[in-house]
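Take a look at the structure below.
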Amino acid sequence: MIAVAQDPWPTVAAAAQPRGLHRLSLALVWLAMASSGIVFFEPAPVDALLIALIVILPAAGLATLNWPLMVYLLLWLLVTIGGLLGAMSAFDFGVAGKQVFITFYLAVASVMLAAFVQYDPVKHVRLILNGYLLAALVATVAGLVGYFNVAPPLTELLTGFGRARGTFKDPNVYGAFVVPALVYALHLAFTRRTLIAAAALGATGFLLLGALLSFSRGAWSNAAVALILLCYFSFLTSRSSKFRLRITGLLVAAGLCGAAVVGAALQSSQISSLLTERAQLEQSYDGGSNGRFAGHEKAKALIASHPFGIGPLQFGGNYHHEDVHEVYLNVLVGHGWLGGGAYIILVMVTVGIGLAGAFRRVPSQGLMLVALSAYIGTVGEGFIVDTDHWRHFFLLMSLVWGLFLGSAPKTAGPSYSPSRSRQSVSV
């Protein structure tokens, strides 16, 4: 017998790992992340890849379910069941049912990605975030090409309402999509050597400009919260005064670069006027009897009177002229007390385990800080926009769960074949 580190979470099943299938799985994960920014239409290319990964990752032995992940899946199933109950009384069952199906698919994909991350946290999260960073950079290049009218035939495709949207249908979703990549790029600037750190800092500024030109108030607040949290957590968890000094220096440099970018952008009267308009806390469409805030009050009344919900996507057009634009009210009104309650519990539990994992002295700690900071920023943005079907929201949730479970304390135990054991993989 040879004692090796064992997985503290008993798994439901352990699949064999054909070498070719293993490599194909890693390539498909990276490709899914790298293509995740192309959402001109739906279903998007990334959806086909995620569906394939739901099948391939378990077959390759890279994603096995244990009891914590089963709890994660169960909570999403409760959200789905709540949506189905609400859909039974929907004005349009087809629309509501389709929305519930999409939630179920994204939930299963998130669980599989969490299992994939748990298998080898450092390697697999870097693979995911490197692909995601590329996707955000490509989307931002497209957004700037459109916004500055570099290629006139593409301007209409790459912008919306005078705002950069890149390879997305909506500037607000594009702006929010950029934030996790922005956080990861700043993390690389903090932790890598000079040349890579400089490139990462440049990418941070570039992505920040893209987020700025999306003119999305939600994305701006998301980015501010996420970046502040990353800096705070990185400074707080560091034991090295040299590293803290590095963070301080880079933050000063980043602040100066950011100020220069904003200052240059404000030289354009078009940017300046739209930036001033969008920076106001309350827009014209927020107030009044038909405004966003009035819609929130209608949603609250429906939640109280319809415990089983009214069905997803039934609020806008039937009870109000637009959607709720507040994800927690939106899920409660559509999925009822069961589904909405499970969703809110899931969001809160994910924040809790992320905070617990953020202070573990493990090799994946820095990556947890990235995932947690970006996730909390997105959770906060949910108070002003409907984020329930944003693919990167499900991705961030899977990263937090996978990193937390993958960095759990190990216990010693026997193994018959350490060379083939899942537990022998270095993380």
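Each value in this text was obtained by applying a stated rule to the coordinates, not by laboratory testing. Just so it is clear, the model here is predicted, and its values are computed rather than measured. As a convention, Cβ positions derive from the backbone with ideal geometry for all residues, glycine included, and neighbour counts pool all protein chains shown.
Below 8 Å, C-alpha to C-alpha, sequence gap of six or more: please give me the relative contact order for region 160-222 in percent.
42
Quick one: what are the phi-derived ³J(HN,Hα) couplings along region 152-167, Karplus 6.51/-1.76/1.60 with θ = phi - 60°, whole Hz, x for glycine and proline?
x, x, 9, 4, 5, 5, 9, 10, x, 6, x, 10, 5, 10, x, 9
Given H placed 1.01 Å from N in the peptide plane, which residues other than close sequence neighbours of Thr159 have an amide H under 5 Å from its amide H?
Placed amide hydrogens put Arg165 under 5 Å from Thr159.
Do you know the relative contact order of the chain, to the nearest whole percent, from alpha carbon pairs under 8 angstrom that are 6+ apart?
In percent, rounded to a whole number, it is 25.
If I compute Cα Rg over 2.2 N^0.38 Å from the structure I just sent, which labelled value in [x] 1.47; [y] 1.00; [z] 1.55 lines up?
[y]
Full extension from Leu24 to Ile196: what is 0.36 nm times the residue separation minus their Cα-Cα distance, to one decimal in nm?
Roughly 59.1 nm would be gained on extension.
Could you give me the ³J(HN,Hα) list for region 115-120, computed from phi with Karplus coefficients 6.51, -1.76, 1.60 and θ = phi - 60°, whole Hz, x at Gly and Pro?
5, 4, 5, 4, 4, 8
For a quick check, take a GNM of the chain with Cα springs below 10 Å and name the residue from His187, His335, His22 with the largest mean-square fluctuation.
Fluctuation is largest for His22.
Take the Cβ-Cβ distance between Cys257 and Leu154 as r, set R0 to 30 Å, and report the resulting FRET efficiency rounded to the nearest 0.05.
0.60
So what J values fall out for region 304-309 if you push phi through Karplus, 6.51 cos²θ - 1.76 cosθ + 1.60 with θ = phi - 60°, rounded to Hz, Gly and Pro as x?
These are the phi-based 3J(HN,Hα) values: 5, 9, 10, x, 8, x Hz.
Points 7 angstrom from Cα along the Cβ direction at Ala224 and His389: gap in nanometres?
Distance between the two pseudo-spin positions: 3.0 nm.
Name the long-range amide H neighbours of Asn66: under 5 Å, sequence gap of 5 or more, or other chain; modelled H, no Pro or chain starts.
Val12
For the chain, with a Gaussian network of springs between Cα atoms less than 10 Å apart, report the residue from Val122, Val150, Val351 with the top mean-square fluctuation.
Maximum fluctuation in the GNM of the chain, among the listed residues, is at Val150.
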